[in-house]
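Throughout, read-outs are computed from the coordinates displayed, never taken from laboratory work. Predicted model only: the values in this text are computed from it and were never measured. Please note: Cβ atoms are built from the backbone with ideal geometry, for glycine as well, and neighbour counts cover all protein chains shown.
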Amino acid sequence: MNAHADGTVPPPNPVPRGFSDRLRQIRYRAALAYCRLWRAAGGPDYVDEITYWEGILSQRPSSLFDRRVREAAFPPELRECAAELQRDDLRLPRLLELGSGPVSILASGIDEGLFTVVAVDPLARPYRYLLRLYGVTYPIQPLPGRGETLLKQFIPASFDIAYSSNALDHTRSPRRCLEQMCQVLRPGGFLLLEGFVREGTHGNWSGLHQHDLLTEHGSLTHLDRAGRQTNLTADLPLTCVSERVCQFKDRGIGAFGYEVTADMPPDPPWNYHDWYTLLLRRL
Ligand SMILES: C[S@@+](CC[C@H](N)C(=O)[O-])C[C@H]1O[C@@H](n2cnc3c(N)ncnc32)[C@H](O)[C@@H]1O
């Protein structure tokens, strides 16, 4: 077993296949079959998303467990928000993450004790089976749930920070998700949104890539496939704190599903796509 330079140790290889591993396989395959049926019935196309993550997790990339990789991926804005919130309150801030995937990029926030995280993802169950199947233990485990229905799961104003990375544009209704995130966020809390600019266009409007999002003058703008434009944040009780756009390669995320795998060119085009970061404050 190799220790990373900073002393963190990747987990041991998965134990040899036994009854419990076979059971996990069966559960995972059943979840995948259910998603296929759902897609055939006109539901969201989750199959590509799950199989993508299976490709990543089956390689058990050691970078996932490297503290320096986690720190580099962690959004710097969140460190500042956590510090400000802790100046006014002794308890740890409570953060809600929407669409975390199986390996949230917020792991460093847990390593550093910055906040507690509740993550929500509609694919939380298949992700849990996959993580167990490949022997990956991770500090953030999502709960099953959808951004559009957060109020069915959580009390209004019960979070200090709400966060989403590269997931709003994978949802059925980014606008509905934002409304719900606003409602579960307490006044004075922070909303941090980040992701690829115009992911619908980059993803050829296939699968879950059905929305183009971009930041403009402190707001989040939505464009549909026909180019119709809507300001998603204008009439919500939010004010802009900061806004920035950089190329993805300069954002600092080197793992967590963004690794360059053997079937990709060494410098994939998505490295050069624009990436927005929008920090808003709940009024
Ligand atoms: C590309 S992954 C992003 C994962 C992670 N946040 C990141 O930045 O790597 C998009 C995630 O959004 C989730 N998702 C899809 N629809 C959603 C919805 N309605 N509500 C919340 N999350 C959703 C998917 O299941 C998937 O895990």
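Residues whose amide H lies under 5 Å from that of Val197, counting only those 5 or more places away or on a different chain, are Asp274, Trp275, Tyr276; hydrogens are built 1.01 Å from N in the peptide plane. For the chain, the extents of the C-alpha atoms along the principal axes are 54, 46, 40 Å, listed from largest to smallest.
Take the Cβ-Cβ distance between Arg228 and Arg68 as r, set R0 to 35 Å, and report the resulting FRET efficiency rounded to the nearest 0.05. If you can, show how the numbers build up before the last one.
Working: r = 43 Å, r/R0 = 1.23.
So, using R0 = 35 Å, E works out to roughly 0.20.
Remark: region 109-117, residue by residue, has Karplus-estimated 3J(HN,Hα) of x, 7, 3, 8, x, 7, 6, 9, 10 Hz, where x stands for each Gly or Pro and the curve is 6.51 cos²θ - 1.76 cosθ + 1.60 at θ = phi - 60°.
Placing unit charges on the Cβ atoms of the charged side chains and taking the dipole of the chain about its Cα centre, the candidate lying farthest along the positive direction among Tyr272, Gly203, Gly18 is Gly18. Normalised size of region 165-269, defined as Cα radius of gyration per 2.2 N^0.38 Å with N residues, equals 1.16. Of the trypsin sites (Lys or Arg not before Pro) found in region 224-277, the ones in coil according to DSSP and having at most 12 other Cβ atoms within 10 Å of their Cβ are Arg225, Arg228. Of interest is the spacing of the C-alpha centroids, which for region 137-171 and region 114-135 amounts to 12 Å.
Grab the beta carbon distance between Arg60 and Thr116, set R0 = 30 Å, and tell me the FRET efficiency rounded to 0.05. Provide the component values of the computation, followed by the final result.
Working: r = 26 Å, r/R0 = 0.88.
Working from the Cβ atoms, E equals 0.70.
Taken one residue at a time, the phi angles of region 131-142 give Karplus couplings (6.51, -1.76, 1.60, θ = phi - 60°) of 4, 5, 4, 9, x, 9, 9, 9, x, 10, 10, x Hz. Gly and Pro are set to x.
Sparse packing (at most 14 other Cβ atoms within 10 Å of the Cβ) combined with a DSSP loop state is found for the following trypsin sites (Lys or Arg not before Pro) in region 41-104: Arg91.
Want the number for Leu283 to Leu151: 0.36 nm per residue separation, take away the alpha-carbon distance, what's left?
On the way: separation 132, 0.36 × 132 = 47.52 nm, distance 1.85 nm.
Length difference between fully extended and current span is 45.7 nm.
With θ taken as phi - 60° and the Karplus curve 6.51 cos²θ - 1.76 cosθ + 1.60 applied, the whole-hertz 3J(HN,Hα) list for region 272-283 is 9, 6, 6, 10, 9, 9, 10, 9, 10, 10, 6, 7 Hz, x standing for glycine and proline.
Between Arg91 and Thr239, the contour length at 0.36 nm per residue exceeds the Cα-Cα span by 50.8 nm. Between Gln247 and Val47, the contour length at 0.36 nm per residue exceeds the alpha carbon distance by 69.2 nm.
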